[in-house]
């Protein structure tokens, strides 16, 4: 799924000449703390509740405020993983989507991205999630897959991110089609792989969203 598929057309853009009272009203009606601001087809940034209620400012128009999120933009064809990473980097909940000519198309709400991620077949399918730590030069998904398949299991999805604490290492997240993974973990550790975290749907309390939020927080995406 790509960015343009996740645009939330229920979130309208403001314009610089709009009154602040309009921005506050829309935020209340839409239950959002951020709204995009555009001029023509150009994205200008986000106006937020924090901006509007910062200090003792009592300005009348949107254009009188310094906006946030100017860099919270993404090309319409980018994968939704990139939306998650950009949201974390820019610390915003809305990402502006632009076409190839940098025209504003709309915004994606990160809660919609999380929901889309949760609804993917690999996430909804029963099974455990393992996070492995390994040297980047040693990474071979085919080798990891061979070890897992030797325990009569399959990898449903995989995701690689850099280890923020060690530039020479990566973290490999695997969704496996089995909930009982003790034998798999033993095999991986026997071949030198370090298991950083384990998210097992069979043994973990809480809702599916809680488990997903826990995983996303761990990965910091």
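Only the coordinates and a few stated rules stand behind these numbers; no lab work does. Quick caveat: nothing in here was measured; it's all calculated off a predicted structure. Cβ: placed from backbone, ideal geometry, glycine included. Neighbour counts: every protein chain shown.
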Problem set entry | Sorted by Cβ density within 10 Å, fewest first, the residues 139, 80 | 139, 80
Exercise. If the chain between residue 158 and residue 29 were fully stretched, how many nm would it gain, using 0.36 nm times the residue separation less the Cα-Cα distance?
Worked result: 42.6 nm
Exercise. Where does helix 208-219 land angle-wise versus the long Cα axis of the chain, in degrees 0 to 90, nearest 10?
Worked result: 90 degrees
For this session: Using just the helices of the chain, give the 222 nm mean residue ellipticity in deg cm²/dmol: DSSP H runs with n ≥ 4 each add -39,500 (n - 2.57), and the total is spread over all residues, rounded to 500.
Result: -8500 deg cm²/dmol
For this session: Could you state the angle between the C-alpha long axis of helix 20-30 and the longest principal axis of the C-alpha atoms of the chain, as a value from 0 to 90 degrees rounded to the nearest 10?
Result: 40 degrees
For this session: Over the chain, calculate the relative contact order: mean separation of alpha carbon pairs under 8 Å at least 6 apart, over the residue count, as a percent.
Result: 18 percent
Exercise. Taking a temperature of 20 °C and a viscosity of 1.002 mPa s, what whole-number D in µm²/s does Stokes-Einstein yield for segment 132-205 with Rh from Kirkwood over alpha carbon pairs?
Worked result: 168 µm²/s
Exercise. In the Gaussian network model of the chain, springs joining C-alpha atoms below 10 Å, which of 62, 137, 108 carries the largest mean-square fluctuation?
Worked result: 137
Exercise. Could you state the principal axis extents of the C-alpha atoms in the chain, from the largest down, to the nearest angstrom?
Worked result: 65, 35, 32
Seminar exercise, completed: Taking Cα atoms only, helix 80-90 is inclined relative to the longest principal axis of the chain by an angle, in degrees rounded to 10, of 60 degrees
Exercise. Which three extents, in whole angstrom, do the alpha-carbon atoms of segment 59-160 cover along their principal axes, largest first?
Worked result: 66, 31, 27
Exercise. Where is the GNM fluctuation largest for the chain (alpha-carbon springs, 10 angstrom cutoff): 15, 183, 79?
Worked result: 183
